[in-house]
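What follows draws every value from the coordinates through simple rules; no lab data is involved. These numbers come from a predicted model, not from an experiment. Glycine gets a Cβ as well: all are built from the backbone with ideal geometry, and neighbour counts include every protein chain shown.
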Amino acid sequence: MSEPLLSIVDLKKHYHTKSLWPFGKKQVIKAVDGVSFEIAPGEVLSLVGESGCGKSTVGRTLTHLEQATSGHALFEGQDFLMMSSSEFRPLRREIQMIFQDPFASLNPRLKIEQTLGEPLFIHGLCSTWEEARNKIAIMLETVGMDPMVMKRHPHEFSGGQRQRIGIARVMILKPKLVIADEAVSALDVSIQAQVLNLIKKLQQDSGISMLFISHDLGVVRHISNRVAVMHEGKIVEIGLKNEIFEAPKHEYTRKLLSSIPRVKTGRELV
Amino acid sequence: MALLEVQNLEIAVSAKGKLLPVVQSVSFSVDDNETLGIVGESGCGKSLTALAIMGLLGGTTVRITGGSIRFDGMDLLTLSERERRSIMGNQMAMIFQEPMTSLNPVYRIGDQIIENIRQHQKMTKAQARDRVVELLSLVRIPNPSERVDSFPHQMSGGQRQRVMIAMALSCDPKLLIADEPTTALDVTVQKEVLDLMADLQTRMGTAIILISHDLGVISETSNKVAVMYRGRVAEAAETESLFLELAHPYTRGLLNSMPVVDSDVDWLEAIPGRVPTLEEELTGCAFHPRCASATELCLTTVPKETEFKHGHSVQCHFPGKVAP
């Protein structure tokens, strides 16, 4: 395996809850409790698990949306986990995040061109609006949208379209690592398939690495090269996609796989 | 006659001075002990259909413009407000998608269920409370006699959904409408909740309408399926015969869009395009812009409901034909 783009060593995020009583015991919630993994360039690693297992927290600490408690995260050899926000800023363009909720992740007051254009200016990829609009138009086409939509506001779009805009906002910066947190969970099946295909195509074309966080094992199987199964803040099993799905070793993985409702089709008979 | 019969239901939204149809000639029936799965994507009208049955389409923007809904011999659409209120939550109950928002956060869960029981049945508070404890244990909430005094925020999502089920079942309804009851839940919890619903059905003989976007959930829980697309029932059949041979290209597309856990595919066969918005006027079959085997006929004529096989109806000009 080539040099990993991202390597996480013993990542921890502990939350301290306030006690109800002045001198009562404070509780520590170990949301992420010693997680280590690596992502190679061009690789898609999925973090899969149920709600509360800490998978989103991993993504949020890696994008500095939350400060990790301890651990190391090396991006191209540089440990950025404990960086101050000003030190981390240059890396923000390289490490981008796609969020779950397409309704909450776009600023409702901004036109699409503002939402997509702002990061271009902030990261110095454009100097004029004309240049920015060109890039935005190309990007919108890439994600399967009419460039004319840049003049509109988010409320005019469906969930699938908003998610495409969210993806455009990320991809327009040409990041090296994309963290997708439940990026397709809020979408309808037929739209989800389109967006999944889009994400997969963009990933393969651009060769970016991806940390794909999802609870949906079908989606995970479709998109990833490797899979890490998380449970209660720890990775219980990590391996190549086929190992996890064809020969799960950990009992929790097996339980997850067996819980999925399956369509009993006539396809097998044909 | 079936317990619930929906005939040619039409629902329209008034927007910008026009009436836009959102549900068009939808018909189905559900009987005791039966689960009807309604599957479709958002905007296909499945939730509106449920709300129409529950009489929750108040207001002036969305209204029922035609058809009939008969429940247990009564015409629900002509009932007075008072009569309707005595049925809803009593003989007919609904579970909503979001267990987080459908409970009132400032009342104890027990009190919320007691309120529903006492609305419909003559019971003292103490009797109702006993009934709630019984219901909570029925939906497998641990320590029901203590949890009755819990607030919603003290429970997990799965537990809250169970509380919603307990509330829906509190007056032994004949019909339970579950609108995406497990969508917000984890798969292992989803399995528990679906198993619970199936178990309660065999015990009480409740008729269930299960609305879901997940063909897997529908396939595992329902006896009958109605696939909805843009306000119409594209295809309806008994679950087994439906999945044995999908007659409508939309249903096939939906199934092929689903990433599955048991096999690898390089690219999902996504249905191209998107569901047309309500404002877009369409001629012919609503699915033709996204259908690979659409012909001139599909552009001009709305397909009639035809029988594909016995008990398997479809609204398509070329049912069962796979695009070349």
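Values as computed for the structure displayed
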{"item": "Candidates A:111, A:234, A:55: whichever shows maximal mean-square fluctuation once chain A is modelled as a Gaussian network with Cα springs under 10 Å", "result": "A:111"}
{"item": "Theoretical FRET efficiency, 1/(1+(r/R0)^6), r = Cβ-Cβ of residue B:108 and residue A:258, R0 35 Å, to 0.05", "result": "0.50"}
{"item": "Whether the range A:101-174 is rounded, prolate or oblate, judged on the alpha carbon gyration tensor where a/c under 1.5 counts as rounded", "result": "prolate"}
{"item": "Cβ neighbours within 10 Å from other chains - mean over B:269-280", "result": "3"}
{"item": "Where a label projected 7 Å from the Cα of residue B:223 along Cα→Cβ would reach, residues of the range B:21-61 with amide N under 14 Å", "result": "B:29-37"}
{"item": "Distance from the range A:117-170 to the range B:129-208 (C-alpha centre basis), Å", "result": "44 Å"}
{"item": "Highest average packing first - B:80-87, B:31-38, B:51-58, Cβ atoms within 10 Å", "result": "B:31-38, B:51-58, B:80-87"}
{"item": "Distance between the range A:183-233 and the range B:263-324 - C-alpha centres, whole angstrom", "result": "28 Å"}
{"item": "Contour excess over end-to-end distance, with Cα ends at residue B:100 and residue B:306 and 0.36 nm allotted per residue", "result": "70.0 nm"}
{"item": "Amide H within-cut-off set for residue A:263, under 5 Å, with H built and near neighbours excluded", "result": "none"}
{"item": "Rounded FRET efficiency, nearest 0.05, which uses the C-beta distance separating residue B:199 from residue B:265 and R0 of 45 Å", "result": "0.85"}
{"item": "Residue A:123-residue B:143 pseudo-label distance in nm [points 7 Å out on the Cα-to-Cβ vector]", "result": "5.0 nm"}
{"item": "Number of partner chain Cβ atoms within 10 Å, mean per residue of A:252-263", "result": "6"}
{"item": "Net dipole in debye of the protein assembly as shown [+1 Lys, Arg Cβ; -1 Asp, Glu Cβ; about Cα centre; nearest 20]", "result": "1320 debye"}
{"item": "Unsatisfied cross-links (Cα-Cα over 22 Å) in the set A:176/A:201; A:13/A:174; A:12/A:55; A:12/A:176; A:135/A:176; A:55/A:201", "result": "A:13/A:174; A:12/A:176; A:55/A:201"}
{"item": "Anisotropy class of the range B:50-127 from Cα gyration tensor, a/c 1.5 cut", "result": "oblate"}
{"item": "Average beta carbon contacts from partner chains per residue of A:191-202, 10 Å cutoff", "result": "4"}
{"item": "Alpha carbon Rg of the range A:171-220, scaled by the compact-globule rule 2.2 N^0.38 Å", "result": "1.11"}
{"item": "Within the protein assembly as shown, percent of DSSP bridges classed antiparallel, to nearest 5", "result": "60 percent"}
{"item": "Computed P(r) (all Cα pairs; chain B; 10 Å bins; percent)", "result": "6, 25, 32, 24, 11, 3, 0"}
{"item": "Computed lengthening from residue A:135 to residue A:109, 0.36 nm per intervening residue step minus Cα-Cα distance", "result": "7.2 nm"}
{"item": "Lysine pairs with alpha-carbon atoms under 21 Å apart, chain B, spacing 8 or more or separate chains", "result": "10"}
{"item": "Pairwise label distance in nanometres, residue A:250 with residue B:27, each label 7 Å out on the Cα-Cβ vector", "result": "5.3 nm"}
{"item": "Overall form of the protein assembly as shown per C-alpha gyration tensor (a/c, 1.5; a/b vs b/c)", "result": "oblate"}
{"item": "Label-point separation in nm, residue A:85 to residue B:18, each point 7 Å along Cα→Cβ", "result": "4.7 nm"}
{"item": "Projected-area average for chain A over all orientations - Cα convex hull basis, square nanometres", "result": "17.9 nm²"}
{"item": "Bridge type composition, chain A - antiparallel percent by DSSP, nearest 5", "result": "55 percent"}
{"item": "Charge dipole magnitude, Cβ of K and R +1, D and E -1 - the range A:5-125, Cα centre, debye nearest 20", "result": "640 debye"}
{"item": "Cβ-Cβ FRET estimate between residue A:3 and residue A:155, R0 fixed at 35 Å, reported to 0.05", "result": "0.20"}
